[in-house]
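The values are calculated or read from the model by the stated rules, or taken from the named source; none is laboratory data. Worth saying up front: this structure is predicted, and the values here are computed from it rather than measured. Quick reminder, even Gly has a Cβ in these numbers, built from the backbone with ideal geometry, and neighbours come from all protein chains shown.
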Amino acid sequence: MLRSLTARLSLTLFLLLLGVGVGLMFLVIHTSTLYEQEVSQKLNKDLAQQIAQSETLIQNRRVNEAALDQLFHQLMIINPSIELYLLDKTGKVLAFSAPEGKVKRSHISLSPVEAFLSSDAKFPLMGDDPRSLDRQKIFSAAPIGSADDLQGYLYIVLGGEQYDNVSQMPGHSVIVDSAMWLLLVALVTVFIAGVLIFFRLTRRLRGLSSAMQKYSLNDITQELPDKNCLKGSSGDEVDLLCRQFYDMAGKINAQINALKSMDNQRREMIANVSHDLRTPLTTMRGYLETLNLKRDQLTEEDQRLYLETAIAHCQTLAGLVEELFELARLDSCENILLSEAFSMSELVQDVVQKYSLRAQQKDIRLEVNLNPDVPLVNGDIAMMQRVLENLLENAFRYTPPGGCIRVRVHNDSGQVNVQISDSGKGIANDEIDKIFDRFYRADNQRHQSESTGLGLAIVKRILELHGSMIHVDSQLSQGSTFSFQLHTTPGASV
Ligand code: ADP
């Protein structure tokens, strides 16, 4: 029942207010009593003095019984709440205005009386109540006789027993009762306001909790729940918590989506690998089986042709397996292991050299444009050679006879830029984003035995390991330009 934060806060507030209320109630009663006593004692400060002056209560060290009787009688009528006592100078009670047996003390302590008579008395001042052995009450007192010849004291208890009877009756004070009611109303109002405030404050927390619950129950990659906890908020802690939850949920979704897409890619890749391995294997087996079964019926020329075809498929298989291994190896690297400073121009020259014969055979113009002031770059030479070979391989594959392939190396704002352009068939706009995917091949390329769809994926991964990216700019039937940039070695020149 007390699980909700609002209920707990409300209960805490209730207990707090109850404590404060009880404390204030006692404080009100106590201070009002003290105030009442102070006022009463100040008002009656001179009462004993005036009575002592108007009557001769002790004469020749003997109590004037007649004067006392008359005084007691008068005061009983005028003010029944006060009680008179006649004391000798040691505090012994000589006479009193009370029925026999009511007075319990025979001696009254004189120190409060002396404090009362001093000039710096602070009220309310309590003195012994002769009608009880332990009770103290406010009083008025006056000495009888002169300073040289002190004969005793007139001691008047203000608020005697009759006063007590009235003051202890329930509801005797309208002021105290009103104060109590006011206090009660104020505490109830504060409590209701507090509960409403807690309810409002915890509303956004409830919103966040329900969003979290929805998120954990639903399919995790679906849309995030409404941002109720953020509505109308102003950057406080709840707001921060809410934002952090949505950030975290967003990241979890993104990671799950990435994992799903990686899983899809992996499945696709396995399907592609199986397909690409099976096709040459089946063809190869077909030719070899035919050769085995019909060797006697085949001419020598056919036998040679069958064997050559089987060997060609075997080479395709070997090439595919090698590229797969290479990609797997590159995937497992986080950084290039062998990094050294080398001249990109020299590497390009060496690689292009290997393709010059092929260019002649295919009737393709192969141009190299090397800027003389290109600085050294940092990287793995073997890997860079692989990048150049793959790009040139594609350029030759997709450029028809009579076309042109250009390789350019130049200095580009502190980096070395390498461009390989061809005047080949070009790439359609909707394909450009896909050509770097593993096993992606243009439709008309699928059945080409030398095409694996891994060449550009290898290029992309090698450049990633070098902290670079491959860019492509292409137009259908016009040609394509592949380019990338490499960091130069600090302080190095050619
Ligand atoms: P492969 O060339 O073995 O098919 P790649 O990963 O090297 O695999 O290339 C993927 C696809 O990108 C190719 O099938 C082709 O459609 C396209 N492509 C790559 N280079 C070029 C180019 N220079 N001109 C036109 N298309 C290209």
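Tallying residues that are basic (Lys, Arg) and farther than 18 Å from residue 135 by Cα within segment 60-117 yields 3. Quick one: in segment 166-197, of everything that is within 30 Å of residue 82 (Cβ to Cβ) and modelled with pLDDT of 80 or more, which residue is surrounded by the fewest Cβ atoms within 10 Å (Cβ to Cβ)? Here the residue is 178.
Residues that are of a type in the set (A, V, I, L, M) and under 23 Å from residue 480 (Cβ atoms) within segment 375-403 comprise 383, 384, 387, 388, 391, 392, 395, listed in sequence order. Residue check: residue 365 meets all listed conditions (1) without any contact (Cβ under 8 Å) to a residue 60 or more places away in the chain; (2) within 15 Å of the ligand (Cβ to nearest atom); (3) basic (Lys, Arg) but one, namely (2).
Among the strands (runs of 3 or more DSSP E) confined to segment 375-484, the ones with at least 1 residues that are within 8 Å of the ligand (Cβ to nearest atom) are located at 415-422, 471-475.
When residue 342 is tested against (1) over 26 Å from residue 437 (Cα atoms); (2) at pLDDT below 90, only condition (2) is not met. If you go through segment 389-437 and keep only what is over 50 Å from the mean Cα position of the chain (by Cα), surrounded by fewer than 19 Cβ atoms within 10 Å (Cβ to Cβ) and charged (D, E, K, R), you end up with 389, 393, 397, 406, 408.
Per the listing 132, 118, 106, the residue uniquely more than 22 Å from residue 43 (Cβ to Cβ) and without any contact (Cβ under 8 Å) to a residue 24 or more places away in the chain is 106.
Inspect segment 29-47 for any residue being hydrophobic (A, V, I, L, M, F, W, C) and over 28 Å from residue 117 (Cβ atoms) and give the result as yes or no. Scanning segment 29-47 turns up at least one residue that is hydrophobic (A, V, I, L, M, F, W, C) and over 28 Å from residue 117 (Cβ atoms). Between a first residue in segment 475-489 that is over 29 Å from residue 342 (Cβ atoms) and a second residue that is of a type in the set (A, V, I, L, M, F, W, C), which pairs have beta carbons less than 7 Å apart while being 6 or more apart in sequence or on different chains? Once the first residue is over 29 Å from residue 342 (Cβ atoms) and sits in segment 475-489, its partners that are of a type in the set (A, V, I, L, M, F, W, C) give 476/428. When the residues of segment 316-364 are filtered to those that are among the aromatic types (Phe, Trp, Tyr) and closer than 30 Å to residue 283 by Cβ, the one that is surrounded by the most Cβ atoms within 10 Å (Cβ to Cβ) is 355.
In segment 452-463, the residues that are farther than 13 Å from residue 389 by Cβ and without any contact (Cβ under 8 Å) to a residue 40 or more places away in the chain form Cβ pairs under 9 Å with partners that are near the ligand (Cβ under 8 Å from one of its atoms) and among the hydrophobic types (A, V, I, L, M, F, W, C), at six or more places apart or across chains, as follows: 460/436. For segment 413-428, which positions are without any contact (Cβ under 8 Å) to a residue 60 or more places away in the chain, among the aliphatic types (A, V, I, L, M) and either within 25 Å of residue 344 (Cα to Cα) or touching a Ser or Thr at 6+ places or on another chain (Cβ under 6 Å) (or both)? Answer for segment 413-428, where residues must be without any contact (Cβ under 8 Å) to a residue 60 or more places away in the chain, among the aliphatic types (A, V, I, L, M) and either within 25 Å of residue 344 (Cα to Cα) or touching a Ser or Thr at 6+ places or on another chain (Cβ under 6 Å) (or both): just 427. Residue 284 passes every criterion in (1) of a type outside the set (S, T, N, Q); (2) modelled with pLDDT of 90 or more; (3) out of contact with any Cys (no Cβ under 9 Å at 6 or more places or on another chain) apart from (3).
Of all residues in segment 266-308, those that are among the acidic types (Asp, Glu) and in contact with a His (Cβ under 7 Å, 6 or more places away or on another chain) total 0.
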